[in-house]
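The block underneath contains the structure these notes are about, expressed in structure tokens.
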Amino acid sequence: MSKRSSGFMRARGILFSALIVTAGICHAQDGAIRIGGSPRELTISSVSPHTVRIDLSPLDEPGRPVPSPTTAVFVPYESVERLRTRELPAPRTIDAGPLRVAIEPRPPLTITVTRADGHVVQALSFDPEDGSIVFRTEAPAFGLGEGRQQFDRRGFYYDFVNGQGQLLATHGATVPVPFLLGADGWAMFIHNPPVTGATLTGPAATRDANIPWGAFDLRGQNAGPPPPRPARGVTPNVAPPAVLPTRGRFVPRADTVARTPIRIFVIDLEHPTDAMAEYVRLSGRPVMPPKWVMGYMQSHRSLAGPAEPISVAQTLRDRRLPCDAVIYLGSGYTNDKDGQSGWNTGHGSLTFNPRVFDKPQEMLDRLHALHFKVILHKNAAPAGLFGASVDEPSDSPRHISNYWATHAPLMKMGVDAWWPDDGDELPIENRLARLRLYYEGPLKERPNQRPWSLDRNGYAGSARFGAWIWSGDVQSRWATLAAHVPVGLNFSMSVSPWWGTDIGGFVSSREYTGELYVRWFEFAAFTPLFRSHGRNWHLHTPFGWNSGETGPVESQPPPPESELHNADVEPICRKYLELRYRLLPYNYTIARQACDTGIPPMRAMWLHYPEDPQAAKLGDQYLCGRDLLVAPVVEKGATTRRVYLPAGQQWYDWWNDASGPPTPGGRWITRPVDLGTLPLYVRAGAIIPLDPVRQYTAQEVTDPTTIRIYPGADGSFTMYDDDGQTLGYQNGTDDRQVWIRFEWNDAARRLTIAPGSQSNHWPTGAKRAFDIQVVSNPPRSKRVEYRGEQVEVGL
């Protein structure tokens, strides 16, 4: 079966003429194109062999097309104009590279994108009155950013309210991005934020981001008016309807239709990963994180005094609980009678709190001596923060160059990274400006050192500024843990590869116990961000559950007394910490893959198994990279976990990989679990590199890297490494950058180790030891030395 004709649950023979448009029809006169009562200029452009751009621009008073707003969302990309017109007296069909675009001008204006063989990629119908756009959703649809109902987005109404609102308790904060992907082979980005009276890049940009600028109504035909927005704290229905709709609709904000440009990117997916490649083409390549970000991060809240930051760090080292970074919340959100038990003196402050950091330089030096990176919380960003560069001169305190200057003294003291909190009210352009300053600002202080920030808000393009986003102030509930598996998958496909959550949940509930913390910890070990944070923060440390006390109680109720003597938590957390650090070469490689291709580390199974309809629709399990299948346990008291193993592969149980033959895919299995077991499977043909256990990512180790081979199929893996901190990976100037390709010939039982096809800098005379292990009973292994030239190993 050819690549073009394979899978995706193809919807064939679609007759878009069957679309029913519910809004009234207004006939254009003399072929003039009108949307929302205003004349429009239609432009069709080819962006790539996979992507067509459609622009419908209103005309200003002199008759010029109004440009699309918030251009900072996109990076420069090539495009070829195929059509520009303001009148369509008759239907037209144009070629747009290998795609074809058919335009039917009869109201409603209909634009259908097809392949050369006639297969419909997507068909759009534009209502001439309200500007809404009807499109097909005949298979599962994913994306739309973070939050709200999951996993298949069909059946619900999504207004584009940014921040901590609907479904926060269980589904996290909302980071809406209008990028929707269809399992039957299409993706679409609708760029339609309204033009405001203020310049979005200027200091007057204070438009409330919580006023929706549009909505995706995926409830189907004749769904009626938008549902009322529930009161804060009221959870709306999250269950999908019994019958999923085959049509969706994008509805722009009514008061902006007449003057807002519409820009739509329609993407043909020969394979699901094409969506990621095209998304990166438009919004920019993710930047590589520093290697320490791949480790564990321990967050702190209400601090008892200057001794506590050092004592927590020392405890992690003494108990041999691997950790790379410590994070400190600012005062104002902490539990203290005068609100000053965080790192600073209050909201928005950049002054160390003398009650906690009484000798800040000395304390930073001590934490660095223990090999911890230090991350500081910063909120209360100026409204209307703007700027195209931190090097751009400006007299405004709202400009990112001047706002960054207030941070620079702390960077000079040794602060390693920042946690920009809040900012839900910031419009898109200002959100991106804020992310830019936390990327360009640190580079200004430390040229050639990779910046990193932890953020609550973002948009398309966040990843090119080194911003990692967490899911907000969620509750410590089993339903929250369960919801976060699909939340992370949709986020990873439509916002950024870099996502995580507060391990254990942020706001305590009666459900918060050591069991819930452990299950959340296990899940987070297989997400990009591995960070524990929350109120009652002593119970968000791996060692806090057997101490006999809660620490500062910031959320009621605290766990029962019996939970404060839970000896099971720490050893299980250590097990997953050590596994995370052993998987460092694997995780670092898939992070580099994300930077090069946009394919996230945390992957919906649809991305790799589009032809398996069962795998494609599942959102409660996922792939970590290409080879590891992760099935988090999200039910209280669970003793089993049903897992679906995708078809076309054989699968090994990670924990019992040598106990017997692999299990054929295309079936459900029931996996017994104890508290310390997260079901984890590896596909046959996988090659997994495993390092010795470290206590922090930069720790030197002398034992060799294990190369674990799962037989039963041919396989390959190209392992990536570099210096872990500089920008040399971007231009090949890092002399420690190396790609090593491992190829397994299953029939010959032979492994070939050779330089990767990418840029390599293998030092003359250098060698690296590998322990080659083939999973079998009994296991077979062989140690080899690799010197930058091809080696063949028989096993």
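The values are calculated or read from the model by the stated rules, or taken from the named source; none is laboratory data. Fair warning: this is a prediction, and the values are worked out from it, not measured in the lab. Heads up, the Cβs are rebuilt from the backbone with ideal geometry, glycines too, and the neighbour counts pull from every protein chain shown. These area figures cover heavy atoms from the full protein model, side chains too; ligands, DNA and RNA do not enter into them. Shrake-Rupley method; radii C 1.70, N 1.55, O 1.52, S 1.80 Å.
Sorted largest first by accessible area at a 1.4 angstrom probe radius, with every protein chain in place, the residues W606, W478 fall in the order W478, W606.
In debye, nearest 20, what is the charge dipole magnitude of the chain about its Cα centre with +1 on Lys and Arg Cβ and -1 on Asp and Glu Cβ, if you could check?
In debye, rounded to 20, the chain gives about 960.
In a reduced charge model with +1 at each Lys and Arg Cβ and -1 at each Asp and Glu Cβ, the range 418-490 shows a dipole moment near 320 debye about its Cα centre. Using the alpha carbons alone, the radius of gyration of the range 697-795 stands to its Kirkwood radius in an Rg to Rh ratio of 1.00. Projecting the Cα positions of L364, C323, T345 onto the charge dipole of the range 316-364 (unit charges on Cβ atoms of Lys, Arg, Asp and Glu, taken about the Cα centre) puts C323 furthest along the positive direction.
Which residues among the range 286-319 fall inside the zone where the amide N is under 16 Å from a point 7 Å beyond the Cα of E362, along Cα→Cβ? From the range 286-319, the list is 305-311. Listed peptides 608-621, 504-517 appear in the order 504-517, 608-621 once ranked by packing, highest mean of other Cβ atoms within 10 Å at the front.
Backbone amide hydrogens, once placed in the peptide plane, bring R736 within less than 5 Å of D723, excluding anything fewer than 5 places away on its chain. Restricting the calculation to Cα atoms, the range 461-600 shows an Rg/Rh of 1.00 when the hydrodynamic-style radius is the Kirkwood one. Distance between the modelled labels on K636 and S547, one decimal in nanometres: 2.4 nm (7 Å Cα→Cβ projection). Descending by average beta-carbon neighbour count within 10 Å, the peptides 787-793, 354-360, 524-530, 212-218 line up as 524-530, 212-218, 354-360, 787-793, the highest first. Between the listed residues A594, Y576, L607, the Cα displaced farthest toward the positive end of the dipole of the range 560-716, a dipole computed from Cβ unit charges relative to the Cα centre, is found at L607.
Counting only Cβ charges, +1 for Lys and Arg and -1 for Asp and Glu, the dipole size of the range 463-557 around its Cα centre is about 220 debye.
Stretching D395 away from Y77 to a fully extended chain increases their span by 111.3 nm, per 0.36 nm per residue minus the current alpha-carbon distance.
The string of couplings for the range 358-370 from the Karplus curve (6.51, -1.76, 1.60, θ = phi - 60°) is 6, 10, x, 5, 5, 5, 4, 5, 5, 5, 5, 5, 8 Hz, one whole number per residue in order, with x for Gly and Pro. Taking the inverse of the mean 1/r over every pair of distinct Cα atoms in the range 513-589 gives a Kirkwood hydrodynamic radius of 13.1 Å.
Scattering from the range 40-145 was approximated by placing one identical point on each alpha carbon and applying the Debye formula without solvent; log10 I(q)/I(0) at 0.12, 0.16, 0.23 1/Å stands at -0.46, -0.85, -1.53.
For I35, the residues whose amide H sits under 5 Å from its own are R40, ignoring neighbours fewer than 5 places away on the same chain, with H placed 1.01 Å from N. Hydrodynamic estimate: the Kirkwood radius of the range 540-648 over Cα pairs, inserted into Stokes-Einstein at 4 °C and 1.567 mPa s, corresponds to D of 76 µm²/s.
Mean sequence separation of contacting Cα pairs (under 8 Å, at least six apart), scaled by the length of the range 345-426, corresponds to a relative contact order of 35 percent.
Applied to the range 691-701, the Karplus parametrisation 6.51 cos²θ - 1.76 cosθ + 1.60 on θ = phi - 60° returns per-residue 3J(HN,Hα) values of 8, x, 5, 10, 9, 7, 5, 8, 5, 6, 10 Hz, with x for Gly and Pro.
Which ³J(HN,Hα) values, rounded to whole Hz and listed in residue order, are derived for the range 769-785 from phi using the Karplus coefficients 6.51, -1.76 and 1.60 in 6.51 cos²θ - 1.76 cosθ + 1.60 with θ = phi - 60°, glycine and proline given as x? So the Karplus estimates, Gly and Pro as x, are 8, 10, 9, 8, 10, 9, 5, 6, 10, x, x, 10, 8, 7, 9, 9, 10 Hz. Evaluated at q = 0.22, 0.27 Å⁻¹, a Debye calculation over the C-alpha positions of the range 647-701 (equal weights, vacuum) places log10 I(q)/I(0) at -0.93, -1.14.
Equivalent-ellipsoid semi-axes for the range 464-530 (Cα gyration tensor, √(5λ), whole Å, largest first): 22, 11, 10. By the Cα gyration tensor, the chain has an equivalent ellipsoid whose semi-axes, rounded to whole angstrom, run 42, 33, 26 from largest to smallest.
Counting heavy atoms of the protein chains alone, T670 has an accessible area of about 90 Å² for a 1.4 Å probe. Working ranking of peptides 547-556, 372-381, 457-466 by packing, defined as the average number of other Cβ atoms within 10 Å per residue, highest first, is 457-466, 372-381, 547-556.
Amide H contacts for R780 (H built 1.01 Å from N in the peptide plane; partners 5 or more residues away or on another chain; cut-off under 5 Å): V774. Rounded to the nearest 10 square angstrom, R642 shows an accessible area of 130 square angstrom against a 1.4 Å probe.
The alpha-carbon of K782 sits under 17 angstrom from the alpha-carbons of these lysines, leaving out residues fewer than 8 places away in its chain: K767. Ordering Y710, S299, H119 by the projection of their Cα atoms onto the charge dipole of the chain, which places +1 on the Cβ of Lys and Arg and -1 on the Cβ of Asp and Glu, puts H119 at the extreme positive end. Which lysines does K359 reach when only Cα atoms under 29 Å apart count, and residues fewer than 8 places away in its own chain are ignored? Counting by Cα, and skipping residues close in sequence, K359 has these lysines nearby: K291, K337, K373, K378, K412, K444. The chymotrypsin sites (Phe, Trp or Tyr not before Pro) of the range 654-707 include none that meets both conditions, a loop assignment by DSSP and at most 13 other Cβ atoms within 10 Å of the site Cβ.
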